[in-house]
Structure formats: C-alpha cells, structure tokens
Amino acid sequence: MKTLSTQDYRENRSKISVAELQKVDGSWVAISATGEQIVASAPTIQELSAQMRLLGEDLQQVVIEHIELESDNIHLGGEELL
C-alpha cells in the first residue's frame, strides 16, 4: 500500500466529484488509501465490511467515511460498532 501524508490524502479526496458522492449519499463508503476513489459503499458498516470481503479488499487498507452531503454531521467511522 502506498503511504501518503494526511495533506496528500485530503487533497486527493477533495477531487472525488460531487456527482460520485451523490451516488453514495447517505451511505458508508470505503475510500482508497490514496483518497483517489471510492472502493465500495453500503448503507451500514456491517454491509460495507461484507461487500469488501466479497471484493477481496482489506478494510485496513481503506478509509471508512459516512457520506451526508446535506448535513453538518461528520462520521469518520466506527460509531455504529459501539
């Protein structure tokens, strides 16, 4: 896995188009470690985890984020597991 600084990740992440984000609005997403693309999405973290396993992807190699385009809430992952 390529290692990036947080600044590089955020810069790449900001380039994911609004159109792409609209497709996954309200979902949990796995974003590549480089921040360049959405790897998978699902309504819950549990479903996202299952989808990632089916794809043969490692959850520890992605950034998990909840997408809410019309909200001030920020979910950086994991709260559903508590």
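The values are calculated or read from the model by the stated rules, or taken from the named source; none is laboratory data. Just so it is clear, the structure is predicted and the values come from calculations on it, not from any experiment. For neighbour counting, all protein chains shown are included, and Cβ atoms are generated from backbone atoms with ideal geometry for every residue, glycine included.
When segment 1-47 is examined, which residues are found to be part of a helix (DSSP H, G or I) and basic (Lys, Arg)? If the condition is that a residue be part of a helix (DSSP H, G or I) and basic (Lys, Arg), then Arg10, Arg13, Lys23 are the ones that fit.
Rundown of residues vs (1) surrounded by fewer than 15 Cβ atoms within 10 Å (Cβ to Cβ); (2) among the acidic types (Asp, Glu); (3) modelled with pLDDT of 95 or more, yes/no style:
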residue	(1), (2), (3)
Arg10	yes, no, no
Ala33	no, no, no
Glu65	no, yes, no
Leu76	yes, no, no
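The residue pairs whose first member lies in segment 24-39 and is at negative phi and in contact (Cβ under 8 Å) with a residue 24 or more places away in the chain, whose second member is among the small types (Gly, Ala, Ser) and in a loop (DSSP other than H, G, I, E, B), and whose beta carbons are closer than 8 Å, counting only pairs six or more residues apart or on different chains, are Trp28/Gly77. Please give the number of the condition Trp28 fails out of (1) surrounded by fewer than 14 Cβ atoms within 10 Å (Cβ to Cβ); (2) under 9 Å from the mean Cα position of the chain (by Cα). If we test Trp28 against (1) surrounded by fewer than 14 Cβ atoms within 10 Å (Cβ to Cβ); (2) under 9 Å from the mean Cα position of the chain (by Cα), just (1) comes out false.
Does Ser41 satisfy being surrounded by 13 or more Cβ atoms within 10 Å (Cβ to Cβ), closer than 17 Å to Asp58 by Cβ and under 11 Å from the mean Cα position of the chain (by Cα)?
yes
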